[in-house]
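Below: the structure, in structure tokens.
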Amino acid sequence: MSAATAAAARFPARVRLRYYAIQNVPLLLSIGLLVAMIVVYDVLFTITQHRAPGTFEVSTTVNNTLSVGLAGIGQTLVVLTGGIDLSVGGIVDLTNALAAQLMQASAGSMILVSLVVLLVGAGAGLLNGLLVAFGRLQPIVVTLATLAIWQGVALLVLPQPGGTIPATLSNVLSGTIPALANLPCGLVVLAVLILLWQVLRRTPFLSALYAIGNDERAARATGVPILRAKVGAYTLAGAFSGAAGLYFAAANTSGDATAGNPFTLTSIAAVVLGGISLFGGRGSAIGALAGAFTLTLILHVLFFAGVNPQLQNLFQGLFLVLAVVASTLVGRLLRRAR
């Protein structure tokens with residue numbers, strides 16, 4: 001038995017559970033907020049439609065959210081270092097346009113183009129990382145510039161919305177599984193992402209990102225490879241943004257070189273709602289996924305509540321502010337109670 005295990009065993013389960021809850025207040029609050037939004041959505045849907053949400057509604061919600069969730073995971077990696085990635089929207093623009101333009105119906109084409117799309121996203125992130133880490137430039141300046149670059153390149157690739165994504169790929173990523181009671185494939189993708197994060201968070205790479213975000217000078221003094229970790233964070237963030245573009249194209253069966261523009265702000269909003277500190281060093285991509293689903297459900301709730309569509313952005317923004325303020329206050333109260 002290790003020393004840490006032996007020490008933990010000396011404390012009652014109730015004490016350990018309370019310690020875990022205090023340490024993970026933002027994540028638990030983001031999950032609690034998501035559960036509350038699901039309940040409100042279900043109630044409003046049942047009242048207005050006279051039936052409970054079915055497979056179609058679940059599948060649509062998941063498919064509309066996962067692109068933002070993927071971008072949010074990438075944004076999380078960068079934010080953990082204390083940086084920010086404003087190029088997300090441009091990478092989504094470029095990658096979904098490339099997928100729609102290049103992909104053919106053959107299995108070889110689908111696999112090859114999917115890999116190309118992910119590599120393009122990773123390459124775009126690598127450029128950001130090199131400029132930030134080795135060029136010592138501010139992340140907000142670098143990623144704002146590359147945002148404009150990738151938006152322009154995306155329009156060259158696909159000047160007008162169009163192109164096609166093979167039905168096979170669309171069904172695999174955003175369809176349903178008849179053998180499992182029409183389980184949405186998006187839920188399988190979601191489970192894979194959660195599992196992937198659980199593996200990633202146990203790696204030295206992610207430990208380095210947390211260390212950099214908490215105190216970069218102390219991390220450097222203890223031998224953390226600062227430059228390599230930052231470049232890796234931005235590169236992996238670009239790959240996740242590329243995956244977001246690919247999933248968006250598959251869910252919509254076509255491409256749009258301007259569809260990714262909102263992803264920059266929504267990925268940041270998902271990170272904030274997910275309880276991830278914008279100052280770096282704290283947070284979980286699971287929170288970002290919860291935040292992405294909360295953002296989608298907010299729009300559904302406003303729709304079924306009969307709110308004027310022109311006012312939905314206003315209410316969404318107010319909800320975001322209130323949620324962040326409430327999360328901060330609850331977190332402070334719980335930490336004082338330790």
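Just so it is clear, none of the values below were taken in a lab; they were calculated from the coordinates. Everything numeric here is computed off the predicted structure, so don't read it as measured data. Virtual Cβ from ideal backbone geometry, glycine too; neighbours counted across all protein chains shown.
Extension gain for Leu119 to Asn214 (0.36 nm times residue separation, less C-alpha to C-alpha distance): 31.2 nm.
Going from the fewest other Cβ atoms within 10 Å to the most, the residues Ser267, Ser284, Ser254, Ser109 appear in the order Ser109, Ser254, Ser284, Ser267. Each of Ile31, Ile73, Ile140 was scored by other Cβ atoms within 10 Å of its Cβ. Listed from fewest to most, they are Ile140, Ile31, Ile73. Calculated FRET efficiency, Ala148 to Ser109, Cβ-Cβ distance, R0 = 25 Å: about 0.25 to the nearest 0.05.
Determine the gain in length on full extension of the stretch Leu196-Thr46; use 0.36 nm per residue of separation and subtract their C-alpha separation, reporting nm with one decimal. Additional length available on full extension: 50.5 nm. Taking amide H positions as modeled 1.01 Å from N, with prolines and chain starts lacking one, the residues under 5 Å from Ile177 and 5 or more places away or on another chain are Asn182, Leu183, Cys185. Relative protection proxy for 169-177, 120-128, from highest mean packing down: 120-128, 169-177 (other beta-carbon atoms within 10 angstrom).
With neighbours defined as other Cβ atoms within 10 Å of a residue's Cβ, the residues Tyr210, Tyr247, Tyr41 order from fewest to most as Tyr210, Tyr41, Tyr247. Sequentially through segment 90-106, phi angles give Karplus couplings (6.51, -1.76, 1.60; θ = phi - 60°) of x, 5, 5, 4, 5, 6, 6, 5, 4, 4, 5, 7, 9, 6, 10, 7, 6 Hz, Gly and Pro residues having no value and appearing as x. Compute the FRET efficiency between Leu187 and Phe303 as 1/(1 + (r/R0)^6), taking r as their Cβ-Cβ distance and R0 = 30 Å, and round to the nearest 0.05. Efficiency for this residue pair is about 0.85. Relative intensity of segment 157-283 on a log10 scale, I(q)/I(0) at q = 0.13 Å⁻¹, equals -0.73, per a Debye sum over C-alpha point scatterers of equal strength in the absence of solvent.
At an R0 of 25 angstrom, the distance between the Cβ atoms of Val321 and Val35 translates into a FRET efficiency of 0.75. In terms of overall dimensions, the chain has a Cα radius of gyration and Dmax of 20.6, 64 angstrom.
The value of relative contact order for segment 25-333, using C-alpha pairs under 8 Å at least six residues apart, is 37 percent.
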